[in-house]
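Single-structure report; data block below.
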Amino acid sequence: MTKAPPSPTPDVPMPEEDASSSGESIPGTEPSSSDYSPTEVEIIQNDSEDSEDDGEHSVDGGEDPVSDKKYLVSHAQLMKLFCVCNFAGCGTCVISRPYCSAKGFGLTVKTDCIDGHEFVWTSQPLLNGTMSCNLLVPAAIFLTGNAYGPFSEICQCLGLESLSTRHCYNIQRVYVLPEVTSVWNLHNEAVMAATGDQVVSHCVRRWAM
Ligand SMILES: [Zn+2]
């Protein structure tokens, strides 16, 4: 069993006000990252001070699928909501286990209650029959210049239901690329309509010089 080496300066007390507070550092005295071991309380306190966004805050839904807030939800926690019928004004017991089916990032839950209601819930609004996040995630990945591969690996590591890589790229090819191209062409046409003559006359003047 190896014994940890003694500290080089075991009897030297730390100064009450270190040099970092005055913007200076003393060579050779910077604490290494291995020396810093904050308590759990300090970590939580620092996190809440570092970023206000990470703190608990109230949220409201947005008006459209893009601005509407999204959350990661545990399956076990979600199922607690489906032990009774969610049909408006019912609330009686369901007669069987909720039927759950996942497609990409979306989840559909179906329940049957003792009063005969067949209740269907989808985790996201449907856009022409497609779960909104199955369109929004491929679009967000494309628009931020990222690739689906690393994101898919993160989903698998988390146990987060997700689209297959092929399905994601098909959605980008069929829906996202044509829309981006259309908007880009409209933008170019608007720019040319507003400045086209000026650009041409400016170029002609430069060529004539
Ligand atoms: Zn019911």
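The values are calculated or read from the model by the stated rules, or taken from the named source; none is laboratory data. Here the structure is a predicted model, which is why all the values come from computation and not from measurement. Cβ coordinates were reconstructed from backbone atoms using ideal geometry, including for glycine residues, and neighbour counts include every protein chain displayed. For the accessible areas, the whole protein counts, side chains as well, though only heavy atoms, and no ligand, DNA or RNA atoms are used. Shrake-Rupley method; radii C 1.70, N 1.55, O 1.52, S 1.80 Å.
State the percent of C-alpha pairs, over all pairs in region 125-209, separated by a distance greater than 14 angstrom.
73 percent
With every protein chain kept in place and ligands, DNA and RNA left out, what is the accessible area per residue of region 125-209? Probe 1.4 Å, answer in Å².
74 Å²
Evaluate E = 1/(1 + (r/R0)^6) for R97 and E179, where r is the Cβ-Cβ distance and R0 equals 45 Å; express this FRET efficiency to the nearest 0.05.
Rounded to the nearest 0.05, the efficiency is 0.65.
Could you grab the relative contact order for region 125-209? Cα pairs under 8 Å, six or more apart, rounded to a whole percent.
It rounds to 24 percent for region 125-209.
In what sequence, largest accessible area first, do L177, L72 appear using a 1.4 Å probe?
Ranked list, largest accessible area first: L72, L177.
With all protein chains present, how much of the accessible area of region 70-123 (probe radius 1.4 Å) comes from carbon and sulfur, to the nearest whole percent? If you can, show how the numbers build up before the last one.
Values: 2130 of 3680 Å².
Taking all protein chains in place, region 70-123 shows 58 percent carbon and sulfur surface.
Subtract the Cα-Cα distance of V191 and E42 from 0.36 nm times their separation in residues, and report this length gain in nm to one decimal. Intermediate values should be presented prior to the final figure.
Numbers: separation 149, 0.36 × 149 = 53.64 nm, distance 5.39 nm.
Gain on stretching V191 to E42: 48.3 nm.
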